[in-house]
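The values are calculated or read from the model by the stated rules, or taken from the named source; none is laboratory data. Note that this is a predicted model, so its numbers are computed, not measured. Here Cβ is always computed from backbone atoms with ideal geometry, including for glycine, and neighbour counts include all displayed protein chains. Accessible surface is based on the protein model in full, side chains and every heavy atom, while ligands, DNA and RNA are left aside. Shrake-Rupley method; radii C 1.70, N 1.55, O 1.52, S 1.80 Å.
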Amino acid sequence: MDRLNKKIKQHLPQDELLAQLAEECAELSQAALKLRRALTGINPTPGAADEARRNLVEEAADVYNVLGLLLDAEDNAEIYSIIRRKKERWLKRLEG
């Protein structure tokens, strides 16, 4: 485990990290919705799409950061396997 992760985990128990993850996921969700509004122009929002996209990237980084503290290499391998399977299923649905 990397030194920074180890030090952070000395200060924050797993339940607090899970709470932090939930908060960051909510912020990521809001950023995605804000970018959608900026891109479509329907229900306009202050700020440009490029600013909204930067915010989406920032919030995604926050989610990855906390996930990196909660998950290990085995979890990550399983995640990528699930992602591949779900993308295949998603494409089948899209293609009818």
Counting only helices (runs of 4 or more DSSP H) wholly inside the chain, the ones holding at least 2 residues that are among the hydroxyl-bearing types (Ser, Thr, Tyr) are 14-40, 73-95
Scan segment 43-71 residue by residue and report those that are open to solvent by 80 Å² or more (accessible area, probe 1.4 Å) and not basic (Lys, Arg). ASN43, PRO44, PRO46, ASP50, GLU51, VAL57, GLU58, TYR64, ASN65
Restricted to segment 13-35, and to residues that are more than 17 Å from GLU59 (Cβ to Cβ) and either among the charged types (D, E, K, R) or within 10 Å of the chain's Cα centre (by Cα) (or both), which residue is surrounded by the most Cβ atoms within 10 Å (Cβ to Cβ)? GLU16
Of the residues in segment 1-12, those that are polar (S, T, N, Q) and surrounded by 12 or more Cβ atoms within 10 Å (Cβ to Cβ) come to ASN5
